[in-house]
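Here is the structure we will look at.
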Amino acid sequence: QGLRLEPGNIAACANCGLLYLTRVGDPLAAQRYFERALALDAGSVEVQANVGLALEEQGRVDEALAHLRETLRSSRAIGDPFSAALALSFYGSAAGADGDYDTAAACLAQALDLFRTVGSYAQISRCLVDWSISRLAAETVFLAEIYPSASGTIENPYLARIAFVVFIGNPLIL
């Protein structure tokens with residue numbers, strides 16, 4: 001509704017993107033809304049980070065990593081700790097999806113520290129979940145290497161851990 005009333009409103013475009021990404025589950029539509037917001041304000045690092053997340057959700061992990069690397073450079077250049085934390089957390093998530101669990105954990109830990117600095121408690125919670133999943137995925141890979149007979153059942157250990165967390169346990173106590 002807000003986007004129809006104010007088609008040039010960057011917040012409305014970005015919020016529509018977030019709705020499509022998180023509620024509707026359509027990362028391609030989300031990316032389109034984020035890009036529409038960036039057309040209005042190309043300097044919005046938070047929206048740039050959301051484009052990276054939408055790319056990851058589409059399975060375009062290499063593109064997401066490249067995009068988020070550039071987003072992280074931009075956030076550091078302007079000196080905004082929240083944007084840097086957001087870019088780091090999304091980069092960590094994409095690195096985990098790519099199987100680079102050490103990078104994922106390192107990025108998410110850095111993001112967690114920055115989110116604490118700026119007092120963004122909602123983002124701290126999300127970051128802790130991502131960080132826990134990355135650590136658990138790394139442990140799953142390690143166990144699959146020790147017990148090769150089990151490795152046939154683990155096609156994507158990162159996704160296996162996400163499923164475990166969603167259906168069985170709380171990642172903060174694992």
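The values are calculated or read from the model by the stated rules, or taken from the named source; none is laboratory data. Not measured: the values here are computed from a predicted model. Quick reminder, even Gly has a Cβ in these numbers, built from the backbone with ideal geometry, and neighbours come from all protein chains shown. SASA here: full protein model, heavy atoms, side chains in, ligands and nucleic acids out. Shrake-Rupley method; radii C 1.70, N 1.55, O 1.52, S 1.80 Å.
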In nm, the gap between the two label points placed 7 Å beyond Cα toward Cβ at residue 26 and residue 73 is 3.3
The simple spin-label model distance between residue 11 and residue 62, using points 7 Å out along Cα→Cβ, in nm, is 3.9
Solvent-accessible area per residue for the stretch 1-112 at a 1.4 Å probe radius, Å²? 47
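By its C-alpha gyration tensor, with a ≥ b ≥ c as the square roots of the eigenvalues, how is the stretch 21-95 shaped: rounded for a/c under 1.5, else prolate for a/b larger than b/c, else oblate?
Working: a/c = 1.92, a/b = 1.27, b/c = 1.50.
Taking the square roots of the gyration eigenvalues as a ≥ b ≥ c, the stretch 21-95 is oblate.
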Suppose a student asked you for the relative contact order of the stretch 1-117, using Cα pairs under 8 Å spaced at least 6 residues apart; what percent would you report? 17
